[in-house]
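The values are calculated or read from the model by the stated rules, or taken from the named source; none is laboratory data. It should be emphasised that the depicted structure is a prediction, and the values quoted were computed from it without experimental measurement. As a convention, Cβ positions derive from the backbone with ideal geometry for all residues, glycine included, and neighbour counts pool all protein chains shown. For the accessible areas, the whole protein counts, side chains as well, though only heavy atoms, and no ligand, DNA or RNA atoms are used. Shrake-Rupley method; radii C 1.70, N 1.55, O 1.52, S 1.80 Å.
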Amino acid sequence: MSKFELPSLPYSYDALEPYIDKMTMEIHHSKHHNAYVTNLNKAVDGTSLEGKTLEELFKDISKHPVAVRNNGGGHYNHSLFWTLMKKNGEGTPSGELAAAINSTFDSFENFKKKFSDAAAGRFGSGWAWLVVQNGNLLVTSTPNQDNPLMDVAEVKGIPILGLDVWEHAYYLKYQNRRPEYIENWWNVVNWDEVAARFSAVKK
Ligand code: MN
């Protein structure tokens, strides 16, 4: 039996109010993410993929059943996403990460615009990402539950920041106003966590 598990949220369902509402968080975590975990376990149980880590699966995801791609991506992406947010985010990064963002994108504001544009411009469902590729920072986006660790990704790298732009992530509060959701989301970004992930990749 596979044993991918739904992680607990590192905060309460209402912690990200008013930017992300309690009901959205509750449904997103306990229903959507939970379904990815359940369906991922179903997809790998009893197959040669059982026991592999998500990272191992992503490396040659194009060779595996689409249910593994969709639900494995869904599980990984959401597990990461929850850790990248917190109540009262710092607003801006500091330290080594801030320096890297400034040197890559000229300014934090330019980075924010580029990332927000990637998130707003992703047609349909998907994710916007800040990744580290060979030591460099890049902004990219993926459709559906794909991510930059997958062999199918146009831009590959290790994700250190990600934003879910599926309608289920914002529709209850923002309806069709994805750009407003994106703008508000910056208030809950956990920059300490992003910086820690950046440092870990750089080592
Ligand atoms: Mn989602």
Looking at the square roots a ≥ b ≥ c of the eigenvalues of the Cα gyration tensor of the chain, which shape do they give, rounded for a/c under 1.5, prolate if a/b is larger than b/c, or oblate? oblate
Any chance you could run the full-extension gain for residue 102 through residue 155? It's 0.36 nm times the residue separation minus the Cα-Cα distance, nm to one decimal. 17.0 nm
Need the full-extension length gain, residue 83 to residue 67, defined as separation in residues times 0.36 nm minus the C-alpha distance. One decimal, nm. 3.3 nm
What is the chain's relative contact order, in percent, from Cα pairs under 8 angstrom and six or more apart in sequence? 25 percent
Find which of 127, 44, 7 sits farthest along the positive direction of the dipole of the chain, computed with +1 on the beta-carbon of Lys and Arg, -1 on that of Asp and Glu, about the Cα centre. 44
With springs connecting C-alpha atoms under 10 Å apart, model the chain as a Gaussian network and identify which of 164, 21, 45 has the largest mean-square fluctuation. 45
Within the range 147-187, list the trypsin sites (Lys or Arg not before Pro) lying in a DSSP loop whose Cβ has at most 15 other Cβ atoms in a 10 Å radius. 177
Considering Cα pairs under 8 angstrom that are at least six residues apart, work out the relative contact order of the range 28-113 and quote it in whole percent. 27 percent
Taking the simple approach of a point 7 Å from Cα along Cα-to-Cβ for both residue 21 and residue 3, what is their distance in nm? 3.9 nm
When the solvent-accessible surface of protein heavy atoms is calculated with a 1.4 angstrom probe, in what order do 154, 193, 183 fall, highest first? 154, 183, 193
In Å², and per residue, what accessible area does the range 158-203 have when probed at 1.4 Å with the other protein chains present? 44 Å²
